[in-house]
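Data first, discussion second: the structure below is written as C-alpha coordinates.
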Amino acid sequence: MSNNSPCTIAETAVSNIKMLVLENILLKISILTGKGADLYEFIYKPLDMDVLLKTGAGLEGFRGRNLAEQRLGMYSELYAGGWQDCLPHRARYGSIEITQDTGGIAATLPWEYEIIENTADKAAVRCYIQLPEIPMYVEKTFMIRQNDPVLYIGERIRNTGNSAIAFTWTQHPAFGGQFLDEHVTVEVPDCIAFHPRQYAAAPGSGLGSYEEPIDRITLPSGAARNIPEVLPREAHEQLFLVLKNISEPWARLV
(Lines give C-alpha, C1' and ligand atoms only; values in the text may rest on other atoms or scores of the structure.)
Protein backbone atom coordinates (compact mmCIF):
# COMPACT_ATOMS: atom_id res chain seq x y z
CA MET A 1 0.00 0.00 0.00
CA SER A 2 1.13 3.54 -0.62
CA ASN A 3 1.34 6.18 2.09
CA ASN A 4 -1.85 7.65 0.64
CA SER A 5 -3.91 4.54 1.43
CA PRO A 6 -7.25 5.70 2.83
CA CYS A 7 -8.88 4.87 6.13
CA THR A 8 -11.64 2.28 5.84
CA ILE A 9 -14.48 0.83 7.93
CA ALA A 10 -15.94 -2.64 7.37
CA GLU A 11 -18.91 -4.28 9.07
CA THR A 12 -18.59 -8.02 9.66
CA ALA A 13 -19.28 -10.75 12.23
CA VAL A 14 -17.35 -13.56 13.93
CA SER A 15 -19.13 -16.43 15.71
CA ASN A 16 -22.41 -14.49 15.68
CA ILE A 17 -20.79 -11.38 17.22
CA LYS A 18 -21.06 -8.23 15.11
CA MET A 19 -17.75 -6.46 14.54
CA LEU A 20 -16.50 -3.20 13.06
CA VAL A 21 -13.01 -3.15 11.52
CA LEU A 22 -11.21 0.20 11.19
CA GLU A 23 -8.03 0.24 9.09
CA ASN A 24 -5.36 2.57 7.82
CA ILE A 25 -1.93 1.74 6.42
CA LEU A 26 -0.55 1.10 9.92
CA LEU A 27 -3.42 -0.23 12.05
CA LYS A 28 -6.22 -2.76 11.96
CA ILE A 29 -8.70 -2.22 14.82
CA SER A 30 -11.54 -4.69 15.50
CA ILE A 31 -14.41 -3.58 17.77
CA LEU A 32 -17.05 -6.03 18.98
CA THR A 33 -20.23 -4.00 18.68
CA GLY A 34 -22.09 -7.25 19.35
CA LYS A 35 -20.39 -7.59 22.74
CA GLY A 36 -19.57 -4.67 24.97
CA ALA A 37 -17.91 -2.56 22.25
CA ASP A 38 -14.82 -4.55 23.28
CA LEU A 39 -11.57 -3.69 21.53
CA TYR A 40 -10.80 -7.20 20.27
CA GLU A 41 -7.84 -6.65 17.94
CA PHE A 42 -5.18 -3.95 17.86
CA ILE A 43 -2.90 -5.00 15.01
CA TYR A 44 0.22 -3.06 14.02
CA LYS A 45 0.27 -3.95 10.33
CA PRO A 46 3.97 -3.36 9.45
CA LEU A 47 4.82 -6.22 11.87
CA ASP A 48 1.47 -8.04 11.56
CA MET A 49 1.40 -7.92 15.37
CA ASP A 50 -1.71 -7.94 17.56
CA VAL A 51 -0.76 -6.51 20.96
CA LEU A 52 -3.87 -7.88 22.72
CA LEU A 53 -4.21 -11.33 24.29
CA LYS A 54 -6.58 -13.93 22.80
CA THR A 55 -7.71 -17.07 24.59
CA GLY A 56 -7.58 -20.42 22.83
CA ALA A 57 -11.34 -20.55 22.33
CA GLY A 58 -11.53 -16.95 21.15
CA LEU A 59 -15.08 -15.96 20.17
CA GLU A 60 -16.17 -19.54 19.38
CA GLY A 61 -18.08 -19.79 22.67
CA PHE A 62 -20.51 -17.11 21.47
CA ARG A 63 -21.61 -19.06 18.40
CA GLY A 64 -25.36 -19.56 18.51
CA ARG A 65 -25.89 -17.27 21.48
CA ASN A 66 -27.88 -14.04 21.15
CA LEU A 67 -26.53 -11.67 23.81
CA ALA A 68 -29.52 -9.36 23.37
CA GLU A 69 -31.72 -12.19 24.66
CA GLN A 70 -29.24 -14.02 26.90
CA ARG A 71 -26.61 -11.60 28.16
CA LEU A 72 -23.47 -12.72 29.98
CA GLY A 73 -23.55 -13.02 33.76
CA MET A 74 -20.43 -10.85 34.12
CA TYR A 75 -17.75 -9.32 31.92
CA SER A 76 -15.39 -12.34 32.07
CA GLU A 77 -17.90 -15.07 31.16
CA LEU A 78 -16.77 -16.82 27.93
CA TYR A 79 -13.63 -14.68 28.19
CA ALA A 80 -11.98 -14.29 24.79
CA GLY A 81 -9.27 -11.73 25.58
CA GLY A 82 -9.03 -8.19 24.23
CA TRP A 83 -10.04 -5.04 26.12
CA GLN A 84 -13.31 -4.77 28.04
CA ASP A 85 -15.10 -1.80 29.57
CA CYS A 86 -16.12 -3.10 33.02
CA LEU A 87 -18.79 -0.54 33.76
CA PRO A 88 -19.94 -0.46 36.41
CA HIS A 89 -17.50 -2.91 37.97
CA ARG A 90 -19.27 -2.35 41.28
CA ALA A 91 -22.14 0.05 41.93
CA ARG A 92 -24.91 1.10 44.25
CA TYR A 93 -28.07 2.90 43.12
CA GLY A 94 -30.77 3.10 45.75
CA SER A 95 -31.48 -0.51 46.76
CA ILE A 96 -29.70 -1.90 43.67
CA GLU A 97 -26.17 -3.21 44.17
CA ILE A 98 -23.75 -4.50 41.53
CA THR A 99 -21.01 -6.70 43.01
CA GLN A 100 -17.76 -8.22 41.79
CA ASP A 101 -19.72 -11.33 40.76
CA THR A 102 -22.15 -9.41 38.53
CA GLY A 103 -19.94 -6.50 37.49
CA GLY A 104 -19.12 -5.15 34.06
CA ILE A 105 -22.66 -4.91 32.69
CA ALA A 106 -21.47 -2.83 29.72
CA ALA A 107 -19.31 -5.75 28.55
CA THR A 108 -22.13 -8.31 28.68
CA LEU A 109 -24.45 -6.88 26.02
CA PRO A 110 -24.54 -5.76 22.36
CA TRP A 111 -24.15 -2.01 21.74
CA GLU A 112 -25.74 0.21 19.13
CA TYR A 113 -23.40 2.12 16.85
CA GLU A 114 -23.20 4.68 14.08
CA ILE A 115 -20.42 5.51 11.64
CA ILE A 116 -19.76 9.22 12.18
CA GLU A 117 -16.95 9.67 9.65
CA ASN A 118 -15.69 7.50 6.80
CA THR A 119 -13.31 9.42 4.58
CA ALA A 120 -9.83 8.83 3.21
CA ASP A 121 -8.42 10.98 6.02
CA LYS A 122 -10.39 9.66 8.99
CA ALA A 123 -12.59 6.76 10.12
CA ALA A 124 -14.69 7.17 13.28
CA VAL A 125 -17.54 5.29 14.93
CA ARG A 126 -19.72 6.00 17.95
CA CYS A 127 -20.92 3.08 20.06
CA TYR A 128 -23.59 3.59 22.71
CA ILE A 129 -25.83 1.73 25.16
CA GLN A 130 -28.39 2.39 27.88
CA LEU A 131 -27.50 -0.06 30.62
CA PRO A 132 -30.15 -2.17 32.35
CA GLU A 133 -30.42 -2.28 36.16
CA ILE A 134 -28.25 0.82 36.65
CA PRO A 135 -29.43 4.03 34.89
CA MET A 136 -26.26 4.77 32.91
CA TYR A 137 -26.05 5.84 29.29
CA VAL A 138 -22.57 5.06 27.94
CA GLU A 139 -21.07 6.45 24.75
CA LYS A 140 -17.69 5.45 23.31
CA THR A 141 -16.00 6.71 20.14
CA PHE A 142 -13.12 5.12 18.22
CA MET A 143 -11.17 7.05 15.57
CA ILE A 144 -8.14 6.51 13.34
CA ARG A 145 -6.45 8.95 10.98
CA GLN A 146 -4.58 8.39 7.74
CA ASN A 147 -0.89 7.44 8.20
CA ASP A 148 -1.23 7.68 12.00
CA PRO A 149 -0.37 4.69 14.30
CA VAL A 150 -2.73 5.89 17.06
CA LEU A 151 -6.24 4.75 17.99
CA TYR A 152 -8.15 7.65 19.56
CA ILE A 153 -10.79 6.65 22.12
CA GLY A 154 -13.28 8.95 23.82
CA GLU A 155 -15.85 7.90 26.40
CA ARG A 156 -18.52 9.49 28.54
CA ILE A 157 -21.25 8.39 30.92
CA ARG A 158 -24.58 10.07 31.69
CA ASN A 159 -26.67 9.30 34.75
CA THR A 160 -30.22 8.89 33.40
CA GLY A 161 -31.72 8.21 36.83
CA ASN A 162 -33.07 10.58 39.45
CA SER A 163 -30.43 10.13 42.15
CA ALA A 164 -26.68 9.66 42.46
CA ILE A 165 -24.87 6.45 41.49
CA ALA A 166 -21.83 5.26 43.44
CA PHE A 167 -19.69 3.14 41.11
CA THR A 168 -16.25 1.97 40.07
CA TRP A 169 -15.15 1.91 36.44
CA THR A 170 -12.48 -0.56 35.32
CA GLN A 171 -10.74 -0.67 31.96
CA HIS A 172 -9.68 -4.29 31.42
CA PRO A 173 -7.04 -4.61 28.69
CA ALA A 174 -5.15 -7.91 28.39
CA PHE A 175 -1.88 -7.67 26.49
CA GLY A 176 -0.08 -10.68 25.05
CA GLY A 177 0.07 -12.62 21.81
CA GLN A 178 3.12 -11.91 19.65
CA PHE A 179 3.78 -8.71 21.58
CA LEU A 180 4.39 -9.51 25.24
CA ASP A 181 7.83 -11.05 25.90
CA GLU A 182 11.23 -10.21 27.37
CA HIS A 183 11.68 -7.35 24.88
CA VAL A 184 8.88 -5.39 26.62
CA THR A 185 9.32 -3.21 29.69
CA VAL A 186 6.50 -2.10 32.00
CA GLU A 187 6.74 1.56 32.98
CA VAL A 188 4.60 3.01 35.78
CA PRO A 189 4.93 6.10 37.99
CA ASP A 190 5.96 5.80 41.64
CA CYS A 191 3.72 3.28 43.38
CA ILE A 192 3.56 0.30 45.75
CA ALA A 193 2.60 -3.29 44.91
CA PHE A 194 -0.13 -4.91 47.02
CA HIS A 195 -0.92 -8.68 47.20
CA PRO A 196 -4.75 -8.80 47.39
CA ARG A 197 -5.05 -12.59 47.35
CA GLN A 198 -2.62 -12.98 50.23
CA TYR A 199 -4.59 -10.36 52.13
CA ALA A 200 -7.91 -12.11 51.39
CA ALA A 201 -6.48 -15.39 52.69
CA ALA A 202 -5.24 -13.82 55.95
CA PRO A 203 -6.78 -10.37 56.45
CA GLY A 204 -5.85 -10.14 60.14
CA SER A 205 -2.48 -8.52 59.53
CA GLY A 206 -2.06 -4.83 58.69
CA LEU A 207 -2.22 -3.80 55.04
CA GLY A 208 1.46 -2.91 55.10
CA SER A 209 2.29 -6.60 55.55
CA TYR A 210 1.11 -7.23 51.99
CA GLU A 211 2.94 -4.34 50.31
CA GLU A 212 6.28 -4.48 48.47
CA PRO A 213 8.34 -2.34 46.07
CA ILE A 214 7.47 -3.28 42.48
CA ASP A 215 11.10 -4.15 41.68
CA ARG A 216 11.36 -6.66 44.58
CA ILE A 217 8.18 -8.77 44.58
CA THR A 218 8.29 -12.01 46.56
CA LEU A 219 6.99 -14.97 44.56
CA PRO A 220 5.29 -18.02 46.17
CA SER A 221 8.58 -19.88 45.65
CA GLY A 222 10.39 -17.26 47.71
CA ALA A 223 12.28 -15.88 44.73
CA ALA A 224 12.25 -12.15 43.97
CA ARG A 225 10.80 -10.62 40.82
CA ASN A 226 11.23 -7.19 39.22
CA ILE A 227 7.78 -6.45 37.79
CA PRO A 228 8.90 -3.90 35.14
CA GLU A 229 10.99 -6.66 33.49
CA VAL A 230 8.67 -8.89 31.45
CA LEU A 231 9.59 -12.58 31.32
CA PRO A 232 9.89 -14.68 28.14
CA ARG A 233 6.65 -16.26 26.94
CA GLU A 234 7.71 -19.75 27.97
CA ALA A 235 8.12 -18.70 31.63
CA HIS A 236 4.40 -19.35 32.43
CA GLU A 237 4.49 -17.52 35.75
CA GLN A 238 1.23 -16.21 37.21
CA LEU A 239 1.16 -13.29 39.61
CA PHE A 240 -1.74 -11.05 40.56
CA LEU A 241 -0.92 -7.62 42.03
CA VAL A 242 -2.64 -4.31 42.62
CA LEU A 243 -0.63 -1.10 42.35
CA LYS A 244 -1.36 1.41 45.14
CA ASN A 245 -0.51 5.05 45.81
CA ILE A 246 0.12 5.73 42.13
CA SER A 247 1.59 9.20 41.85
CA GLU A 248 0.38 9.94 38.28
CA PRO A 249 -2.42 8.48 36.08
CA TRP A 250 -0.49 6.63 33.37
CA ALA A 251 1.21 3.34 32.52
CA ARG A 252 3.23 2.20 29.49
CA LEU A 253 4.32 -1.01 27.85
CA VAL A 254 7.45 -0.22 25.82
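The values are calculated or read from the model by the stated rules, or taken from the named source; none is laboratory data. Computed from a predicted model, the values in this text were never measured in an experiment. We place every Cβ from the backbone using ideal geometry, glycine too, and count neighbours over all the protein chains shown. Please note that ligands, DNA and RNA were not included when accessible areas were found on the heavy atoms of the full protein model with its side chains. Shrake-Rupley method; radii C 1.70, N 1.55, O 1.52, S 1.80 Å.
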Is there a residue in segment 13-22 that is over 16 Å from residue 147 (Cβ atoms) and not in a strand (DSSP E or B)?
-> yes
From the list 109, 67, pick out the single residue that is under 21 Å from residue 52 (Cβ atoms) and touching a Pro at 6+ places or on another chain (Cβ under 7 Å).
-> 67
Which of the residues belonging to segment 1-34 are open to solvent by 70 Å² or more (accessible area, probe 1.4 Å), out of contact with any helix residue (DSSP H, G or I) (no Cβ under 9 Å at 6 or more places or on another chain) and within 19 Å of residue 63 (Cβ to Cβ)?
-> 11, 18
Which residue, of 198, 171, is under 27 Å from residue 39 (Cβ atoms) and either outside any loop (DSSP other than H, G, I, E, B) or open to solvent by 40 Å² or more (accessible area, probe 1.4 Å) (or both)?
-> 171
Taking residue 219 as the residue in question, decide whether it is hydrophobic (A, V, I, L, M, F, W, C) and either touching a Leu at 6+ places or on another chain (Cβ under 9 Å) or modelled with pLDDT of 95 or more (or both).
-> yes
Does any residue of segment 103-119 turn out to be assigned to a strand (DSSP E or B), over 18 Å from residue 18 (Cβ atoms), open to solvent by 50 Å² or more (accessible area, probe 1.4 Å) and at pLDDT 95 or above?
-> yes
Assess whether residue 243 counts as being over 22 Å from residue 179 (Cα atoms) and at pLDDT 90 or above.
-> yes
Out of the residues in segment 121-146 that are more than 21 Å from the chain's Cα centre (by Cα) and open to solvent by 70 Å² or more (accessible area, probe 1.4 Å), which is modelled with the lowest pLDDT?
-> 133
